[in-house]
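Taking it in order: structure first as structure tokens, then the write-up.
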Amino acid sequence: MKEPVFVTRPHIPPLDEFLPYLQQIWDSRVLTNGGPFHEQLEEALCQYLGVRHLSLLNNGTIALMVALKALDLKGEVITTPYSFVATAHSLSWANLKPVFVDICPDTLNIDPAKIEAAITSQTTAIMPVHCYGHPCDVDAVRAIAHQHDLRVVYDAAHAFGVQYKNESVLNFGDLSVLSFHATKVFNTFEGGAIVCHDAEMKSRIDQLKNFGIINETEVIATGLNGKMNEISAAFGLLQLQHIDNALASRRQIDSMYRQRLQNITGIRCLGISAEEKFNYAYFPILVEPDYPISRDELVQRLQDKNIFPRRYFYPLISDFEMYRHLPSADRKHLPVAAAAADRVLCLPIFPDLDRSTVEYIVSCIVEQTG
Ligand code: T4K
């Protein structure tokens with residue numbers, strides 16, 4: 001390829017569509033702290049996503065930190081090692097101890113059957129991740145949480161617009177946290193959100209993202225600055241007008257890959273269940289041992305052709321230096337996650353990806369087999 005092909009490219013509307021929004025911000029001089037675009041975007045996202053309450057934040061990591069603080073969690077939180085580091089880092093920043101459990105081979109999401117054995121007297125919550133936007137087994141997680149009186153915070157960074165059994169997957173758990181980073185299906189340059197079920201919790205989150213301030217003279221909690229600014233919120237409103245086209249384009253690319261890769265020995269695609277409305281955020285493949293070359297050799301050969309897939313998620317979070325000492329980080333307890341991390345490769349997928357480039361990427365993968 002002449003131009004590099006990255007794993008993703010943000011989908012951005014034409015600049016002239018954004019100029020009227022900028023003009024409005026310039027005229028009003030309201031740049032942040034809950035301005036009009038911020039308020040409009042919260043409302044528009046509640047409608048689009050089918051959720052009751054949503055608070056915007058300045059990125060997904062801060063949103064995770066605020067969510068944990070809002071629930072006032074202590075002790076240990078059971079989570080997955082197969083995610084982006086921000087999942088476990090948010091726990092560490094809240095002085096919570098991550099306890100890693102293994103994942104399901106089919107979805108690469110936390111395995112509910114492994115959660116109960118990890119519960120101790122210190123456990124206060126479960127933090128699963130809807131990895132790549134594939135819904136976790138939300139019914140099983142809910143049943144375990146209910147039985148052991150645990151809170152559930154979903155890291156839903158990848159799950160914008162995803163539905164499970166005709167309902168937003170964001171409505172499961174106590175809180176769900178989205179990322180609107182540039183690399184995500186829906187982006188506000190940087191941004192994030194917390195979805196919750198009631199107005200009281202929303203107001204607590206809104207206080208926490210604004211230093212804990214409730215009025216000019218009262219601060220009621222050790223909050224932080226998690227506010228989304230007006231340029232990001234305005235960009236989100238504009239993005240929302242284009243999101244359905246972007247998702248449709250992703251769906252086409254996803255089915256092209258699936259169709260063309262289905263008979264290649266040693267390449268496995270993750271399944272999509274009929275119970276889901278999916279968002280095609282990523283296109284992970286697993287390079288199995290019966291493929292002629294290793295995953296890392298395949299990465300190298302694709303890079304040599306100017307194609308830059310990514311090994312999301314390798315290494316496992318539990319293999320990083322700051323987590324490796326934890327008893328739950330031992331790879332022998334995490335065989336499925338360890339195998340997935342060693343085999344996974346996320347292929348380029350984004351709305352503007354040329355269909356001929358998809359064919360070319362597939363042909364490079366096929367080429368190695370013959
Ligand atoms: N939980 C989960 C499960 C997450 O996946 C994430 C973030 C979070 C929580 C935290 O949410 P945030 O705090 O980020 O809102 C990227 C993203 O930075 C990160 O948001 C994302 N997950 C993670 C999976 O991927 P990198 O280090 O791989 O990004 P980078 O800069 O290498 O970008 C990947 C490719 O995208 C580049 O090769 C080119 C393209 N790109 C990237 C950017 C930023 C563009 O074309 N334009 C751009 O502006 O982490």
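Throughout, read-outs are computed from the coordinates displayed, never taken from laboratory work. Keep in mind it's a predicted model, so treat the numbers as computed, not measured. All Cβ positions, glycine included, derive from the backbone under ideal geometry; neighbour counts span all protein chains shown.
Quick look at the values:
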| read-out | value |
| --- | --- |
| The chain: DSSP helices with Cα axial extent of at least 30 Å and average Kyte-Doolittle hydropathy no lower than -0.5 | 230-261 |
| Over 27 Å (Cα to Cα) - which of Lys69/Lys227; Lys74/Lys184; Lys97/Lys277 fall in this group | Lys74/Lys184; Lys97/Lys277 |
| Residues of type aspartates and glutamates that Lys114 reaches as a straight line, Cα spacing below 12 Å, ignoring anything fewer than 8 places off in the same chain | Asp102 |
| Ellipticity estimate at 222 nm from DSSP helix runs (n ≥ 4, -39,500 (n - 2.57)) divided over the chain, nearest 500 | -12000 deg cm²/dmol |
| Distance from segment 55-111 to segment 140-218 (C-alpha centre basis), Å | 12 |
| Over the chain, relative contact order from alpha-carbon pairs under 8 Å, at least 6 apart, % | 23 |
| The chain: projected area of the alpha-carbon convex hull, averaged over directions, in nm² | 19.2 |
| Cα-based Rg / Dmax (Å) for segment 170-229 | 13.1, 40 |
| For Ser318, net neighbour charge (Lys/Arg +1, Asp/Glu -1) across residues whose Cβ lies under 9 Å away | 0 |
| Long-range Cα-Cα pairs in segment 269-370 (distance over 24 Å), rounded percent | 34 |
